[in-house]
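Data block below; observations after.
The values are calculated or read from the model by the stated rules, or taken from the named source; none is laboratory data. Worth saying up front: this structure is predicted, and the values here are computed from it rather than measured. Cβ coordinates were reconstructed from backbone atoms using ideal geometry, including for glycine residues, and neighbour counts include every protein chain displayed. Only protein heavy atoms, including side chains, enter the accessible area calculation; ligands, DNA and RNA are left aside. Shrake-Rupley method; radii C 1.70, N 1.55, O 1.52, S 1.80 Å.
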Amino acid sequence: MPAASSTPQPDQPRPEPASLADLFFSFTWLALQGFGGVLAVIQREMVERKRWLTQEEFLEDWAVAQIMPGPNVVNLSLMVGGRYFGLKGALTALAGMLTAPLVIVLVLGVLYTRFGDNPQMVGALRGMAAVSAGMIAATGVKLATALARHPLPLWLTLSITVLGVLMVAVLRWPLLYILLGLGGIGCLLTYRKLSR
């Protein structure tokens, strides 16, 4: 039996949220799964499971979400909600993304104030950080497959990617400069390639 494709075929209707309630509860569920980072979860749910976005759309929206002020996943939720239901959808997706985590964070803040010095608590938080880093790395590898379909040659996109990682992780340059510099170069090269 062939595996199901993550992108809808041209003759199939594109999956989309059934209602504002569907959008709200979908983003609430995403937020509740995203301890330590929701990137891996939102990519799996939006692209692979629900198929509300193609891999390319997800990458484009994620890139825009990263350069906008504020948390990336909040920006992404606004874009996805707005895509399907306009302003109402954007606000509904935002509410879904923030309501349950806000309540949980307030409760955990109270508990951490009381039990924060406990060695088991400290160890658990370190373990969650390691799992979170692994999830982000796995998502990065998964998203890298879309680089092969980018208009620029693969060697160039990989070079820009590696250079960006080095600037952030090794040189510790401010993200704004990297986005303006490398991002600007990438946008300019892609624009020139597409306009030919």
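Couple of notes before you dig in:
- Pairwise FRET efficiency - GLN12 versus TYR112, Cβ, R0 = 41 Å, nearest 0.05: 0.30
- Note on the chain: dipole from Cβ charges, positive end direction compared against GLY82, MET121, LEU143; the farthest Cα belongs to LEU143.
- Taking the accessible area of region 79-160, probe 1.4 Å, and keeping the other protein chains in place, the carbon and sulfur fraction comes to 76%.
- Evaluated over the Cα positions of region 51-122, the convex hull gives a direction-averaged projected area, one quarter of its surface, of 6.7 nm².
- Note on the chain: with charges restricted to the Cβ of Lys and Arg (+1) and Asp and Glu (-1), its dipole about the Cα centre is near 300 debye.
- Mean Kyte hydropathy of -0.5 or more with a Cα span along the axis of at least 27 Å, helices from DSSP in the chain: 72-115, 119-143
- Difference of contour (0.36 nm per residue) and Cα-Cα distance, PHE25 to LEU158: 44.2 nm
- Residue of ILE42, ILE136, ILE104 that the Gaussian network model of the chain assigns the largest fluctuation, springs spanning Cα pairs under 10 Å: ILE104
- Which of LEU32, MET46, LEU106, positive extreme of dipole for the chain (C-beta unit charges): MET46
- Cα-Cα P(r), region 22-164, percent of pairs per 10 Å interval: 11, 35, 32, 18, 5, 0
- Calculated FRET efficiency, LEU102 to ALA130, Cβ-Cβ distance, R0 = 30 Å: about 0.75 to the nearest 0.05.
- Probe 1.4 Å, accessible area per residue of region 11-145, Å²: 57
- In the assembled protein chains, SER19 presents an accessible area of approximately 50 Å² (probe radius 1.4 Å).
- Remark: the ALA146-LEU182 segment gains 11.1 nm on full extension, using 0.36 nm per residue and subtracting the alpha carbon distance.
- Of all the options GLY127, GLY186, GLY82, the one that moves most in a Gaussian network model of the chain with Cα springs shorter than 10 angstrom is GLY127.
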